[in-house]
Amino acid sequence: MSAVLAEAAVARVERRPGALGQFTRNRVAVFGAVLFGVIAVIALLAPVLPLANPDHTDLANRMAPPFSRHALLGTDQLGRDMLSRVVWGTRVSLVVGVVAAFLAATIGSTIGILAAYYGRFVDIALMRGIDMLMAFPYLLLALAIVAALGPSLTHAMIAIVIVNVPFFARSVRGVTVGMRRADFMAAARLSGQSSAQIIAFELFPNVLPVVVVTASTSIGWMILETAGLSFLGLGAQPPMADLGGMLGDGRNLLEVAPHVATIPGIAILLIAVGVNLLGDGVRDILDPRLKSGGLARIRPATEVASRADRMARLPQTGRAEGALLELRGLETRFRIGRSVWQAVNQVDMVVHPGEAIGIVGESGSGKTVTALSILGLVASPPGRIEGGEILFNGEDLLGLQTPRLRAIRGDRIAYVFQDPLTTLNPVQPVGAQVVEALRAHQRLGRKQAWDKAVALLDSVGIPEPGEKAHAYPHEMSGGQRQRIGIAMALANQPDLIVADEPTTALDVTTQARVLKLLADLRRQNAAAMIFISHDFGVVSELCDRIYVMYGGRVVESGRVQDVLNRPAHPYTARLLACVPRIGQGRHRVVPIPGLPPPTNALPNGCAFAPRCSLAIAACRSGEIELGTVGPEHSARCLRSALVLAEGVEGAGAADGGVA
Amino acid sequence: MTAPGTASDAAPPVALRSVVREYPGRRPSIFAPRTKLRAVDGVSLDVPRGRTLGIVGESGCGKSTLARMMVGLLPPTEGDILIGGRPVGAYQRRELSRLIQMVFQDPTGSLNPRRTVRRTLEAPLAALRGMNQAARGRRVEELMGLVGLRADFADRYPHEFSGGQSQRIGIARALAAEADILVLDEPVSALDVSVQAQVLALLQDLQRRLGLSYVFISHDLAVVDAVADEVAVMQRGRIVEFGVPDTIFTKPSHAYTRELLASHPGQHKV
């Protein structure tokens, strides 16, 4: 089986910087870790450090100030060494905090997992119990528990565990409920695993990060709560050194000997700051919601190299006559960790006024990044435009100041994105969002703009547009939401509409209606369009010309009927051949072996050569130019004459192909 | 289509008899009882042995609910689902899993992100086939080979695989149970076009070699046309048309089938 060989070529997965690397780049978290580490080490070493006995009283030397001869931090009201008591007290606080956090996490997450996994009555019984605990103010509850059990450090810890269990139970239940519906849970049941196995091996490992995050951010709290109970005399009992207790003792001496209260206060502060900073750092690494660069600050426009750098490899002549938009030698790269991804590589494209062009390619081929580069919408970092120019009516869009770019965005060039549910604002009625698009570029009064928005909704086929303008995105179907997206794009009668897979998320019948609408409105408005899709069928219905992308480059371009009927690049030909068409009937699907190359490790020569049955030695080295193969038809292939003459199957067989 | 009600050897691998699945809907008012939504509304179908039954329809037509009922993840509200002539409800979970398995739409979502592929594949081998450690290790290697993946990939985690590779692992897991029937719920919809062709070719190859019966669910008419021996068109929980692909795709008799065909991209210039 050819696929075996193909998959055997290991797809290299570029790892993002590891967890430790991420952590060490977070300076605040590192500070917290160091602070906490130092405190913890000192506390753990207390028995071996040359400290005075913390409980040894010396009434003669009561309330000695810090930096006294025998006591570095002075002594308290009974003449006990403050330094020693602070170190021993920290030890107690840390142990109590960590143990309490561990116990609360274990009990709380067990309750949360069981409630979410079994649902129904188990869920109701467990969670209503948790709700009852949460109904009491937590300090009051802790006080009541200690009052019932009697004051002691252990009892204070039990009280703190009990009041913290609800936090864990609730957050773990929340995560687990979402996970219970995941397909891998269904798959685990189909694998014949028992409920205990599913909880232990499937659920628990996935819930663990949430537990760790919640625990690491709550240790600080628990230390403070323990100190609070000790301060009230309900925790550690004299003579045991405990930070909260020390603070309580020193409170009465604030005017006579301020250091007795201040020093344990500072110790508590340092521990809490250290633990919390460390906990935040751990959360940033483990929290899946923050993983995809949620913390990175994105610039308003893509970073662009200087014009001199961009134009270095570009001929000054050869601009297309009368083009609305022209991309010349566009290069967009992503730098992630140590690797450079050439998402868009030396791309040339021309769009004439009123023309519809299609960009076709698989994921990772660079089609979306090409489209986003036009108006500087590629996220920076990590994206950067490093070469070429983008001429819109003769003006280079790259390197424009942000205000000028904003004036063009949504006005002369408008975008329609794939999933309108993520691009529309969920908390604003759709009419108001169309109004916003209008007023961003036109001087219109509120009433005027609203009327115009309603007219736009009418023109995109929304029934009862006056009513629907007040609806929120979630109240509409996917097809209607995409119609809103189209209305917003058309609001300012743009010269160019960039549509990125606008119908991929829609059902077939809805897709057909939305495509027809888009085609009709584009013609009425005489706007040009760039239509991005992975589907040749969709592109063939809408576009005049087509660009096929592979590995960040244009590999073939031409009029739609030429490219689809007489493909000149083996990739186009093989891709067309392996997509089933209606009416072919049951047949063996012949796939292209292998996978597209990751753009951080492109092969020399033609990027498709490793998967190509026609590849010869010359295909694997040097730069392969985009050559003309017919009127308005070009292909980046040394073997295109053969492909055109015999088709890729015939040529492959004649050549004794290597697929 | 086998005539319903024949003896159990000749019984189709999967037979659906007037299957209904209802979900609780909203309450019109606090005192009124909840309305009921019929996701699947009286479906009767037979899956042909060693061949492929295609089910096409748009999102929300009930095809995924139907798939989950066939493998016993959801009980039907009314009607019977017979696997080898016996109702699904009469089987123990593990017995049923040895007969019928499922491949899910989202290739990465159907793999536990915190388990290696080996552990994911070994779970059904231990629970359903009762294999010991050594036998499991050998079988995992065989399974990886069967779906065209290198055996040493088994020690990787799901995030290290592409969509197409993940879907191959999903197929390997379904094969691990040695079930004869696979329910494929949109198995190639989340994949890129060239990868989609690879997975389709793999499924066709496995069916030929292992004699599997497929229930192939998809919204893509062209894909169903390429793999199915019989096609059912589903709309709002009902089967509106049933037949061989040739008839369905060239001479559709139901208006909805005609609309689906007309909507398929690439049929016309807008």
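The values are calculated or read from the model by the stated rules, or taken from the named source; none is laboratory data. Small disclaimer: the values here were computed from a predicted structure and weren't measured. Methodologically, a virtual Cβ is constructed for each residue, glycine included, from the backbone with ideal geometry; neighbour enumeration extends over all protein chains shown.
Given the options A:497, A:546, A:486, A:532, name the one that is touching a helix residue (DSSP H, G or I) at 6+ places or on another chain (Cβ under 8 Å), surrounded by 20 or more Cβ atoms within 10 Å (Cβ to Cβ), closer than 30 Å to residue B:233 by Cβ and among the β-branched types (Val, Ile, Thr). Talk me through it step by step, then tell me what you get.
On the way: A:497 fails: closer than 30 Å to residue B:233 by Cβ; A:546 fails: closer than 30 Å to residue B:233 by Cβ; A:532 fails: closer than 30 Å to residue B:233 by Cβ.
Being touching a helix residue (DSSP H, G or I) at 6+ places or on another chain (Cβ under 8 Å), surrounded by 20 or more Cβ atoms within 10 Å (Cβ to Cβ), closer than 30 Å to residue B:233 by Cβ and among the β-branched types (Val, Ile, Thr) holds for just one of A:497, A:546, A:486, A:532, which is A:486.
Take residue A:187 and decide whether it is within 12 Å of chain B (Cβ to nearest Cβ) and out of contact with any His (no Cβ under 6 Å at 6 or more places or on another chain).
Yes.
Here is a list: B:223, B:244, B:240, B:231. Which entry is under 21 Å from the mean Cα position of the chain (by Cα), within 7 Å of chain A (Cβ to nearest Cβ) and closer than 22 Å to residue B:52 by Cα?
Within the list B:223, B:244, B:240, B:231, the selection yields B:223.
Determine if the stretch B:170-190 includes at least one residue that is touching a Phe, Trp or Tyr at 6+ places or on another chain (Cβ under 7 Å) and part of a helix (DSSP H, G or I).
So far as the stretch B:170-190 goes, yes, one or more of its residues are touching a Phe, Trp or Tyr at 6+ places or on another chain (Cβ under 7 Å) and part of a helix (DSSP H, G or I).
Considering only residues that are surrounded by fewer than 19 Cβ atoms within 10 Å (Cβ to Cβ) and touching a Pro at 6+ places or on another chain (Cβ under 9 Å), which ones fall in the stretch A:184-228?
Across the stretch A:184-228, the qualifying residues are A:205, A:209.
What are the pairs with Cβ atoms under 7 angstrom where one residue, in the stretch A:553-566, is in the same structural domain as residue A:343 (by TED's automatic domain parsing) and more than 27 Å from residue A:341 (Cα to Cα) and the other, located anywhere, is basic (Lys, Arg) and surrounded by fewer than 19 Cβ atoms within 10 Å (Cβ to Cβ)? Sequence gap at least six, or different chains.
none
What pairs come out if I take residues in the stretch A:352-376 that are charged (D, E, K, R) and pair them with residues that are in a loop (DSSP other than H, G, I, E, B) whose C-beta lies under 7 Å away, six or more apart or interchain?
A:355/A:544; A:362/A:534; A:362/A:596; A:362/B:192; A:367/A:361
Find the residue count for the stretch A:573-623, including only residues that are surrounded by fewer than 18 Cβ atoms within 10 Å (Cβ to Cβ), within 13 Å of chain B (Cβ to nearest Cβ) and within 31 Å of the chain's Cα centre (by Cα).
Looking only at that region, the number is 1.
Considering only the stretch A:593-645, state which residues are farther than 13 Å from residue A:570 by Cβ, touching a residue at least 12 places away in the same chain (Cβ under 8 Å) and part of a strand (DSSP E or B).
Once the filter is applied, which keeps residues that are farther than 13 Å from residue A:570 by Cβ, touching a residue at least 12 places away in the same chain (Cβ under 8 Å) and part of a strand (DSSP E or B), the stretch A:593-645 yields A:627, A:630, A:633, A:634.
If residue A:518 meets every condition in (1) touching a Lys or Arg at 6+ places or on another chain (Cβ under 9 Å); (2) surrounded by 23 or more Cβ atoms within 10 Å (Cβ to Cβ); (3) in a helix (DSSP H, G or I) apart from one, which number is that one?
Unmet for residue A:518, out of (1) touching a Lys or Arg at 6+ places or on another chain (Cβ under 9 Å); (2) surrounded by 23 or more Cβ atoms within 10 Å (Cβ to Cβ); (3) in a helix (DSSP H, G or I): (1).
Would you check which residues across the stretch A:433-476 are surrounded by 14 or more Cβ atoms within 10 Å (Cβ to Cβ), charged (D, E, K, R) and under 25 Å from residue A:523 (Cα atoms) and list them?
A:436, A:439, A:451, A:452, A:458
Counting only residues that are over 30 Å from residue A:228 (Cα atoms), give me the helices (runs of 4 or more DSSP H) lying completely in the stretch A:106-212 with at least 2 of them.
A:120-135, A:153-180, A:183-190
Give all pairs with beta carbons closer than 6 Å in which a residue from the stretch B:203-215 that is closer than 12 Å to residue B:175 by Cβ meets a residue that is crowded, with 21+ Cβ neighbours inside 10 Å and at pLDDT 95 or above; count only pairs at least 6 apart in sequence or on separate chains.
B:212/B:182
Among the helices (runs of 4 or more DSSP H) lying completely within the stretch A:347-462, list those that include at least 3 residues that are of a type in the set (A, V, I, L, M).
Fully inside the stretch A:347-462 and qualifying: A:367-374, A:402-408, A:430-439, A:446-459.
Specify which of the listed residues (A:576, A:614) is within 14 Å of residue A:636 (Cβ to Cβ) and either at pLDDT below 95 or not aliphatic (A, V, I, L, M) (or both).
Result of the check over A:576, A:614: A:614.
Given the structure, is residue A:171 among the small types (Gly, Ala, Ser), crowded, with 22+ Cβ neighbours inside 10 Å and away from chain B (no Cβ under 14 Å)? Let's see the steps before the verdict.
Values: among the small types (Gly, Ala, Ser): yes; crowded, with 22+ Cβ neighbours inside 10 Å: no; away from chain B (no Cβ under 14 Å): yes.
Taking the combined requirement at face value, the residue does not satisfy it.
May I ask you to say which residue of A:93, A:2 is modelled with pLDDT under 90, surrounded by 14 or more Cβ atoms within 10 Å (Cβ to Cβ) and within 14 Å of another protein chain (Cβ to nearest Cβ)?
A:2
Each row is one residue, and each column tells you yes or no for (1) within 34 Å of the chain's Cα centre (by Cα); (2) basic (Lys, Arg); (3) within 27 Å of residue B:115 (Cβ to Cβ).
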{"residue": "A:122", "(1), (2), (3)": "no, no, yes"}
{"residue": "A:131", "(1), (2), (3)": "yes, no, no"}
{"residue": "A:137", "(1), (2), (3)": "no, no, no"}
{"residue": "A:167", "(1), (2), (3)": "yes, no, no"}
{"residue": "A:197", "(1), (2), (3)": "yes, no, yes"}
{"residue": "A:203", "(1), (2), (3)": "yes, no, yes"}
{"residue": "A:211", "(1), (2), (3)": "yes, no, yes"}
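Hey, can you tell me all the residues within the stretch B:106-120 that are surrounded by 20 or more Cβ atoms within 10 Å (Cβ to Cβ), assigned to a helix (DSSP H, G or I) and facing chain A (nearest Cβ under 9 Å)?
B:120
Is it the case that residue B:183 is modelled with pLDDT of 95 or more and either over 27 Å from residue A:180 (Cα atoms) or of a type in the set (A, V, I, L, M, F, W, C) (or both)?
So residue B:183 fits the description; yes.
Do we find a residue being in a helix (DSSP H, G or I) and either in the same structural domain as residue A:216 (by TED's automatic domain parsing) or in contact (Cβ under 8 Å) with a residue 40 or more places away in the chain (or both) anywhere in the stretch A:65-79?
no
Considering only the stretch B:206-220, how many residues are in a helix (DSSP H, G or I) and either in contact with a Gly (Cβ under 9 Å, 6 or more places away or on another chain) or more than 30 Å from residue A:608 (Cα to Cα) (or both)?
Taking the stretch B:206-220 as the starting set, the residues that turn out to be in a helix (DSSP H, G or I) are B:206-210.
Now narrow it down to the ones that are either in contact with a Gly (Cβ under 9 Å, 6 or more places away or on another chain) or more than 30 Å from residue A:608 (Cα to Cα) (or both): B:207-210.
Result for the stretch B:206-220: 4.
Tell me the residue from A:510, A:503 that is in a loop (DSSP other than H, G, I, E, B), without any contact (Cβ under 8 Å) to a residue 60 or more places away in the chain and in contact with a Ser or Thr (Cβ under 8 Å, 6 or more places away or on another chain), please.
Result of the check over A:510, A:503: A:503.
Looking at B:164, B:130, B:148, B:170 in this structure, which one is at positive phi and surrounded by 21 or more Cβ atoms within 10 Å (Cβ to Cβ)?
On the way: B:164 fails: at positive phi; B:130 fails: surrounded by 21 or more Cβ atoms within 10 Å (Cβ to Cβ); B:170 fails: at positive phi.
Going through B:164, B:130, B:148, B:170 in turn, the sole match is B:148.
Quickly run through the stretch B:30-78 and pick out the residues that are surrounded by 22 or more Cβ atoms within 10 Å (Cβ to Cβ) and more than 24 Å from residue B:89 (Cβ to Cβ).
B:52, B:54, B:56, B:57, B:61
Could you please tell me which pairs satisfy a Cβ distance under 9 Å, a separation of 6+ or placement on different chains, a first residue in the stretch A:306-330 that is free of Cβ contacts under 8 Å to residues at least 12 places away in the same chain, and a second residue that is of a type in the set (Lys, Arg) and surrounded by 11 or more Cβ atoms within 10 Å (Cβ to Cβ)?
These pairs meet every condition: A:315/A:328; A:318/A:328.
Residue pairs, Cβ under 7 Å, 6 or more apart or interchain, first in the stretch A:385-398 and of a type in the set (Ser, Thr, Tyr), second assigned to a strand (DSSP E or B) and at pLDDT 95 or above. List them.
Note: no pairs meet the criteria.
Among A:64, A:29, A:52, A:60, which is the only one that is more than 14 Å from residue A:275 (Cα to Cα) and crowded, with 21+ Cβ neighbours inside 10 Å?
Values: A:29 fails: more than 14 Å from residue A:275 (Cα to Cα); A:52 fails: crowded, with 21+ Cβ neighbours inside 10 Å; A:60 fails: crowded, with 21+ Cβ neighbours inside 10 Å.
The unique qualifying residue is A:64.
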